[in-house]
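One structure is given below, encoded as C-alpha cells.
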Amino acid sequence: MHRIRTLQGAFVLFAAAVLPNVSHSQQAAPAEPASPVTPATSNSPTVDQIRARGYVICGSGHGTTGFSAPDKDGNWKGLDAETCRAIAIAVLGDGSKVRFVPLTGQQRLTALQTGQIDVLPRTTSWTLRRDANGINFTYPNYYEYDAFMVRKDLGITQTKDMQGATICVQTGSTNEVTVADLSRKFNLGLKTVLFDNVAASRQAFFTGRCDGLITDASALAAVRATQAQNPDDYIIFPASGNSEALTPSVRHGDDRWFDIVKFVVQAPIAAEDMGITQANVDTMLKSDDPRIARFLGVEPGNGKALGLDERWAYNIVKQLGNYGEMFERNVGKNSPMKLDRGLNRLYRDGGLMYPYVFN
C-alpha cells in the first residue's frame, strides 16, 4: 500500500508538471478531407476517449530536429510528429487533430503508463525491460545506431580511443547503459555527466564540459548541423556498433488501440512497397490489384476489423504520403539533415522496413 500511495503521489506531481506543456498543433486542416470518418464501434477505451475529446495526445521530444520539433510558427514537424498525425488521421480523419507533450527521457515512459499521453512516438528504443514494464511497442518507424560526437582536435576516431573521457549523457536513456558497458568492455574508465534533458546535455558538450556526447547518430547529425558554431570542427562515429529500433509505443491494457497503432505505423511502409504515393493514391483507387484494393478500402474489411473508416489507410497516404516520402522530407535528401536511408530502406532494397499483410 505504501508503494501505491507513493506512485499516486508521483503521478500527481508528474501531471502537474507535464500537462501545462501540451502544445496545440497549428497546422491547418486539409481543405478537402480525403474521406470522412464514419462512426464505428471501437472496442477501445482509448479510442473512445480520443473521439470524445477530439484529438490525439502524443509524447514528443524536446526539439529533436527531423523527428519532433516545432518550427518558427509553432507547428510540430518530423518523422515522429507525422506518425502522430497518421494516428489522428486513422482515428479522426484529420492529421491536424493532435496535441504534443514535450517529454524528457525520464518522463516519457511514466507519461505513457499513467495515461497522460495516448501514444509515445518519440525516439524511444524498444528494449526487453521497457516492454516488460507496462509498455507495448508497435513496429519500428526508424532503425538507428548509437554514436559519439567529439571535437576533431582531440584526435579520437573510435570508441577504443576514448580512455578516461567524460561523456555527456541524458539520464533515463539507453545511452547510460551503453557508456557503462563500453567502459567495462574496453577498460576505458569513462566518466558520465548526467543531465535530465537533451538541451542541457548538448549545451554542456558545446561549452566543453564533456569530451563527448552520446545519442542516436541521426540526432547528433542534426545537433552538429544546427547548433555547432562550426560543424566541421566535430566528428561523429559509432559508439557500440549496435543498432536499435526506435518504436512508437502504447501502454498495456488496450489491445484494440495497440492493433490500430501497429497498423498505422505499418501503413506508409506498405504503401511504399505497393508503389502508392501521395500523388497517385487517387489513381490507385482504380487498381485491379486485390492487395491495393483492400489496403485503400475499396474492398471493405480492414476498417471494420479495427473499428475505423474503411478508407483510413487511403487517408494517411493522401495527407502524408508513403514512408519513403515521409523519410526524405523529414530526415532524408529533402531535409536539412540529408541522411541516407540505410537500414530504413524497404526490406526488398536491403533495409529492415518490412511490410506486413493488410488482409
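The values are calculated or read from the model by the stated rules, or taken from the named source; none is laboratory data. All values reported here derive from a predicted model rather than from experimental measurement. For neighbour counting, all protein chains shown are included, and Cβ atoms are generated from backbone atoms with ideal geometry for every residue, glycine included. With ligands, DNA and RNA removed, areas are computed over all heavy atoms of the protein, side chains included. Shrake-Rupley method; radii C 1.70, N 1.55, O 1.52, S 1.80 Å.
Checking each residue in region 171-183 for being closer than 24 Å to Thr110 by Cβ and either touching a Pro at 6+ places or on another chain (Cβ under 6 Å) or touching a residue at least 24 places away in the same chain (Cβ under 8 Å) (or both) picks out Thr171, Gly172, Ser173, Thr174, Asn175, Thr178, Val179.
Inside region 52-81, can you point out the residues that are at pLDDT 95 or above, within 12 Å of the chain's Cα centre (by Cα) and surrounded by fewer than 24 Cβ atoms within 10 Å (Cβ to Cβ)? Lys77, the sole residue that qualifies.
Can you work out which of the residues in region 87-107 that are at pLDDT 95 or above and in a helix (DSSP H, G or I) is most open to solvent (accessible area, probe 1.4 Å)? Result: Leu92. Considered as a group, the residues in region 206-216 that are at pLDDT 95 or above and open to solvent by less than 50 Å² (accessible area, probe 1.4 Å) include one that is nearest to the chain's Cα centre (by Cα), and that residue is Ile214.
Here is a yes/no grid of residues against (1) in a strand (DSSP E or B); (2) in contact with a helix residue (DSSP H, G or I) (Cβ under 7 Å, 6 or more places away or on another chain); (3) open to solvent by less than 10 Å² (accessible area, probe 1.4 Å):
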residue: Thr226; (1), (2), (3): no, no, no
residue: Ile236; (1), (2), (3): yes, yes, no
residue: Glu272; (1), (2), (3): no, yes, no
residue: Thr277; (1), (2), (3): no, yes, no
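Here Asp153 fulfils each of the conditions (1) of a type in the set (Asp, Glu); (2) in a helix (DSSP H, G or I); (3) closer than 18 Å to Glu244 by Cα apart from (3). I'd like to check something: does region 115-135 contain any residue that is closer than 19 Å to Thr64 by Cβ, in a helix (DSSP H, G or I) and touching a Cys at 6+ places or on another chain (Cβ under 6 Å)? Within region 115-135, none of the residues are closer than 19 Å to Thr64 by Cβ, in a helix (DSSP H, G or I) and touching a Cys at 6+ places or on another chain (Cβ under 6 Å). In region 158-181, of all residues being under 22 Å from the mean Cα position of the chain (by Cα) and hydroxyl-bearing (Ser, Thr, Tyr), the one that is farthest from Leu128 (Cα to Cα) corresponds to Thr171.
Quick check: is even one residue across region 275-290 within 19 Å of Tyr354 (Cβ to Cβ) and touching a Lys or Arg at 6+ places or on another chain (Cβ under 8 Å)? For region 275-290, residues within 19 Å of Tyr354 (Cβ to Cβ) and touching a Lys or Arg at 6+ places or on another chain (Cβ under 8 Å): absent. Within region 110-151, restricting attention to residues that are under 21 Å from Leu213 (Cα atoms) and surrounded by fewer than 18 Cβ atoms within 10 Å (Cβ to Cβ), the residue that is modelled with the highest pLDDT is Arg151.
Suppose we keep only residues that are among the hydroxyl-bearing types (Ser, Thr, Tyr) and within 25 Å of Gly59 (Cα to Cα) within region 217-250. Which one would you say is farthest from the chain's Cα centre (by Cα)? Checked region 217-250; the qualifying residue farthest from the chain's Cα centre (by Cα) is Thr226. Residue count for region 184-205, restricted to those that are in a loop (DSSP other than H, G, I, E, B), surrounded by fewer than 16 Cβ atoms within 10 Å (Cβ to Cβ) and in contact (Cβ under 8 Å) with a residue 12 or more places away in the chain: 2. For region 279-315, the set of residues classified as of a type in the set (Gly, Ala, Ser) and open to solvent by 40 Å² or more (accessible area, probe 1.4 Å) consists of Ala279, Ala305, listed by residue number.
Taking region 303-312 as the range and being among the hydrophobic types (A, V, I, L, M, F, W, C), in a helix (DSSP H, G or I) and touching a helix residue (DSSP H, G or I) at 6+ places or on another chain (Cβ under 8 Å) as the test, the residues that pass are Leu306, Trp312.
Is it true that Thr283 is part of a helix (DSSP H, G or I) and of a type in the set (S, T, N, Q)? Yes. Could you list, in sequence order, the residues of region 248-262 that are outside any loop (DSSP other than H, G, I, E, B) and acidic (Asp, Glu)? Asp255, Asp259, listed by residue number.
Set side by side, the residues Cys84, Cys168 differ, and just one is open to solvent by less than 20 Å² (accessible area, probe 1.4 Å), part of a strand (DSSP E or B) and either touching a residue at least 12 places away in the same chain (Cβ under 8 Å) or at negative phi (or both), which is Cys168. When region 313-331 is filtered for residues that are among the polar types (S, T, N, Q) and either under 15 Å from Pro355 (Cα atoms) or in a loop (DSSP other than H, G, I, E, B) (or both), only Asn322 remains.
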